[in-house]
1. For the range 2-81, what % of the accessible area comes from carbon and sulfur atoms, probe 1.4 Å?
2. By how many nm would the segment from E82 to A63 lengthen if fully extended, with 0.36 nm per residue of separation less the alpha-carbon distance?
3. Less than 13 Å from a label point 7 Å out along the Cα-to-Cβ axis of A55: which backbone N atoms in the range 13-34 qualify, by residue?
4. Report the gain in length on full extension from A21 to T74: 0.36 nm times residue separation, minus Cα-Cα distance, nm rounded to one decimal.
5. How much length would be gained if the chain were fully extended between Q43 and Q2, taking 0.36 nm per residue of separation minus their Cα-Cα distance, in nm to one decimal?
6. What are the principal axis extents of the Cα atoms in the chain, in Å, biggest first?
7. Excluding ligands, DNA and RNA, what is the solvent-accessible area per residue of the chain at a probe of 1.4 Å, expressed in Å²?
8. What number, rounded to the nearest 500 deg cm²/dmol, is the helix-based mean residue ellipticity at 222 nm of the chain, given -39500 (n - 2.57) per DSSP H run of at least four residues and division by all its residues?
Amino acid sequence: MQLIIRYAHADPAVFRRAFDADAEDRGRNGMSLLQLWREGDGQSWALFQIANAKAARDYLDGAAATFNAQAGITSAEPHFLETA
């Protein structure tokens, strides 16, 4: 299972510093980064491999709020995907 998230943010440098600092927490919650893209200065997309869907969902519903605040996230749209 994969997870793709579109993040909207004000400052790409602030986002990237917070994103990198949050890597260990995401990893403890079954999320392994496969790719990170930037779309202009206001959006980033992250693709994760998910080892534990429940833990990843719990992280997004809880602890990710701290990351979102630190990274200046104005919105985040997660999509869990499976190979068809």
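1. Exposed carbon and sulfur together represent 50 percent of the surface.
2. 4.5 nm
3. 24-33
4. Full extension from A21 to T74 adds 17.2 nm.
5. Contour length minus Cα-Cα distance gives 12.8 nm.
6. Answer, in whole Å and largest first: 32, 26, 17 Å.
7. Accessible area per residue, the chain: 58 Å².
8. -10500 deg cm²/dmol
The values are calculated or read from the model by the stated rules, or taken from the named source; none is laboratory data. Because the structure is predicted, anything quoted here is derived from the model rather than measured. Note: ideal-geometry Cβ built from the backbone for every residue, glycine included; neighbour counts use all protein chains shown. Ligands, DNA and RNA are excluded from the accessible area calculation, which covers all protein heavy atoms including side chains. Shrake-Rupley method; radii C 1.70, N 1.55, O 1.52, S 1.80 Å.
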